[in-house]
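Where a number appears in this text, it was derived from the coordinates with a stated rule and is not lab data. Values in this document were obtained by computation on a predicted structure and should not be read as measured data. All Cβ positions, glycine included, derive from the backbone under ideal geometry; neighbour counts span all protein chains shown.
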Amino acid sequence: MFEDLLAAATIVFNWQTIMAISIGTIAGLMIGAIPGLSATMGMALLSPFTFFVSPLVGIPFLIGLFKGGTFGGSVSAILIGTPGTAANAATLLDGYEMRKQGRAGVAMMGALNASLIGDAFGTVALIFGAPALALIAIQFGPHEFFALVLFSLTMICYVSGRSLAKGVMAASIGILFALIGTDPIGGTPRLTFGLPELQGGLNVIALVTGLFGITEVLIQMESFGRGKKAMKDSVAVHVAGTGMQLGAVVTHLWTIVRSSLVGTFIGALPGIGSETSPWVAYGLAKRASKTPEKFGKGAFEGVVAPEAANNAVCAAAMIPMLVFGIPGDIVTAILMSALIAQGLQPGPFLISEHRDVIFGLFMSVLFATVALYVFGRLTMRWWIRILTIPRPLLYAIVVAFCVVGTYSVKSSSFDLAVMFAFGIIGYVMRKLDIAIAPMLLSFVLAKILEESLRRGLVQSDGNLHAFFERPITAVILILTVLMLVTFAILEWRRRKLGRTQDSSTAAR
Amino acid sequence: MLHQGSGRVLKWILEGALAAIVFATGVLLFLKAPDLVRGWAFTIPGTTDVALEPAFFPRMASLLLAASALLVMATIPLRSDILPAVETSAVAYVRVGTGLGGIMAYLIAVVTLGFVVSTVVFISIASVVGGYRNLLIIVPVAISVAVALRLIFRFGLHVGLPEGLLL
């Protein structure tokens, strides 16, 4: 393995890859720092750019973008009290309070240091975990894949937002959209309504760009023209205290390490991703703290815990995607389509068949961690200026990026129409409080689910029992049932607690 | 700002209507799914004849869709939160409608007139309509973005963008 890494280092450390990672990281920091623009949206908009360059230039660019975007979101959370991405929502609680107390620089440096450590944990897990897991994954057949995808689909419960029922509905819609196109076994056109453009299925980039790019532009348009405040964010902030903050990091090292472990573990589970881990890490940090009463009032631990966790997810989320071909979240789903566009099919054989490229990617992830720290540190004071870009101009440019990103994949005007339609669908979903993530995840997973089930049936001569007779499949299916039961109990408890709180508020 | 009571009624109506539409779509697709599949393209003995029919998954997904819509309908009273759709003002919807019209016109212009010209015009008009009126910044930025994207795609990535009647 170390020989592979060393060999990969010689391939990766050339000016193109280093430039790609650096530009990706800086672009990610910028995109993440602007409220409304997220790492997900940035990747959706910019991933088509990578389809036409070498995999060890394009994919490292996206990795840098992902890492930069994840940290960049904490900047606006701390400076203006608006998280750049959903993953940074937990950082806002104490980060913004610290800014109000004149400790914005301390919070930002703490977040950066924690991000570095979290990132390192996730990267180590990826480098050592993915090849080891691939040895097990090679034993997987369609039956095991079917069980694993089913397990991942149940995880959608966790990204369903406030309503599980709406999450299930969104997931069902996603499955139906995934079935448009050609049947994977017999090659039969399905649900194409006679349109030849639909025979290849819906273009995932058009779908993601519409759901995240166009939808966000429409949401932002609601507040356009409301005087100067809507034009740009108020950032009359003096960022002081941007020293290394090493003393504070050492003091809270265990909090950061624990949060990094939480992020790594949650990130490696398919379906959960970066939005859950910061809250879990925040909750654990508060519970373990000697001064829990300071949380929410500007506690340093309240900033470092979620930041370490959400950055640890970045690399760890790539494990199920690379090894099983099952994306853990939307960002890894985009990363997966970028890999496929490069002719690299994620799955158990990816590492053995493309060892040089994959170890090159591992080295890029490592380098992106360093790049994040260097560029995050050097450019910290710029972010305040970025937040002053006029919103109408910015979002008009975003629309132009949506158009080039979508069009360039297949040079198809039809894809532009698909992007526009999904922009409207995404807007309606957000207005009706329906989470978009279940729809997109099920869209990606449904294709693998159907193919593995049908191939499994072909292999077992149409016998469904084969799915329960194989040990790995049986274990995963049992885990799936356990997950569903656990989630049902948690949901029931949450509702019960909510009702108790409602009735006590009413009594008062 | 809407009264909480009327907000809740509107929420019931909106969620109910959505669930009803989704339910009807699910049922319709379930019934019509076999017609929307062109049939086996070819049959490989011992392979496709033991796999499920191509219409099986669309039918299952339609059934799941209809069932989830019923679930949404049944759980409406359990959700006490007010929908963002209800909290959004009519003026905001007008802005979004205008924006949608603008984006649609831009997409048509990109294909018919070409990427560069339509992008410059779109960015300029959208910024002004959005409330930012500093043309000394808007126009150079719009031209730079459009030309830079065109050059990057044409010469850097070797991918053509729509040229249309103009450029």
Put +1 on the Cβ of every Lys and Arg and -1 on every Asp and Glu Cβ in the protein assembly as shown; which of A:198, A:7, B:21 then has its Cα farthest towards the positive end of the dipole?
-> B:21
Charge dipole (debye, nearest 20) of the range A:55-170; +1 at Cβ of Lys and Arg, -1 at Cβ of Asp and Glu | 340 debye
Give me the angle, in degrees from 0 to 90, between the Cα long axis of helix A:164-179 and the longest principal axis of the Cα atoms of chain A, rounded to the nearest 10.
-> 50 degrees
Between the range B:124-159 and the range A:131-205, how many Å separate their Cα centres?
-> 37 Å
Low-density loop chymotrypsin sites (Phe, Trp or Tyr not before Pro), the range A:125-154, at most 12 other Cβ within 10 Å, DSSP non-H/G/I/E/B, are none
Evaluate the relative contact order of the range A:141-225 (contact order divided by residue number), counting alpha-carbon pairs under 8 angstrom at least 6 apart; express in whole percent.
-> 15 percent
For chain B, with only Lys/Arg (+1) and Asp/Glu (-1) charged at the beta-carbon, what is the dipole magnitude about the Cα centre, in debye rounded to 20?
-> 360 debye
If one takes the longest principal axis of the Cα atoms in chain A, at what angle in degrees, from 0 to 90 and to the nearest 10, does the Cα axis of helix A:89-100 lie?
-> 10 degrees
Nearest 10 degrees, 0 to 90: what angle lies between the long axis of helix A:142-154 and the longest principal axis of chain A (Cα atoms)?
-> 40 degrees
Relative to the Cα centre, what is the charge dipole magnitude of the protein assembly as shown, using +1 at the beta carbon of each Lys and Arg, -1 at the beta carbon of each Asp and Glu, and rounding to the nearest 20 debye?
-> 2200 debye
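Pairs of alpha-carbon atoms within less than 8 angstrom and 6+ residues apart define the contacts here; what relative contact order does chain A have, in percent?
Working: 963 pairs, mean separation 140.4, N = 508.
Result for chain A is 28 percent.
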Exposure-ranked with fewest Cβ neighbours within 10 Å first, A:67, A:447 stand as A:447, A:67
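Which whole number gives the average count of other chain Cβ atoms within 10 Å of the Cβ atoms across peptide A:166-177? Don't jump to the answer; show the numbers that get you there.
Details: counts 8, 2, 7, 14, 1, 4, 13, 8, 1, 7, 9, 1.
That average works out to 6.
Return the average number of partner chain Cβ atoms within 10 angstrom of each residue Cβ along peptide B:77-88. Could the numbers behind the result be given before it?
Details: counts 0, 5, 5, 3, 3, 1, 4, 6, 6, 3, 1, 3.
What the average comes to for B:77-88 is 3.
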At most 14 other Cβ within 10 Å, DSSP loop - trypsin sites (Lys or Arg not before Pro), the range A:133-202 | A:162
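What list do you get for A:433, A:183, A:356 if you sort them by fewest beta carbons within 10 Å? List each step's numbers first, then the result.
Values: A:433 20, A:183 26, A:356 13.
In order of increasing Cβ crowding within 10 Å: A:356, A:433, A:183.
Count the lysine pairs in chain A that are 8 or more places apart or on different chains: how many have C-alpha atoms under 16 angstrom apart? Could you put the intermediate results ahead of the total?
Working: A:100/A:294; A:100/A:297; A:166/A:431; A:286/A:294; A:286/A:297.
Counting lysine pairs in chain A gives 5.
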So, in nm, how far is label residue A:14 from label residue B:10 when the simple model puts each one 7 Å beyond its Cα toward the Cβ?
-> 5.9 nm
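Taking the range A:409-493, which chymotrypsin sites (Phe, Trp or Tyr not before Pro) meet the DSSP loop condition and have no more than 10 other C-beta atoms within 10 Å?
none
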What relative contact order, as a whole-number percentage, does chain B give when Cα pairs under 8 Å and 6 or more residues apart are counted?
-> 23 percent
What ranking of A:106, A:262 emerges when the number of other C-beta atoms within 10 Å of each C-beta is taken as an exposure proxy, fewest first?
-> A:106, A:262
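Taking each residue of B:98-106 in turn, how many C-beta atoms of other protein chains fall within 10 Å of its C-beta, and what is the average?
Numbers: counts 2, 12, 8, 0, 3, 12, 3, 0, 6.
Neighbouring Cβ atoms belonging to other protein chains average 5 per residue here.
Kindly rank A:28-34, A:46-52 from highest to lowest mean number of other beta carbons found within 10 Å of each residue. Walk me through the intermediate numbers first.
On the way: A:28-34: 27.7, A:46-52: 21.7.
Order by mean packing, descending: A:28-34, A:46-52.
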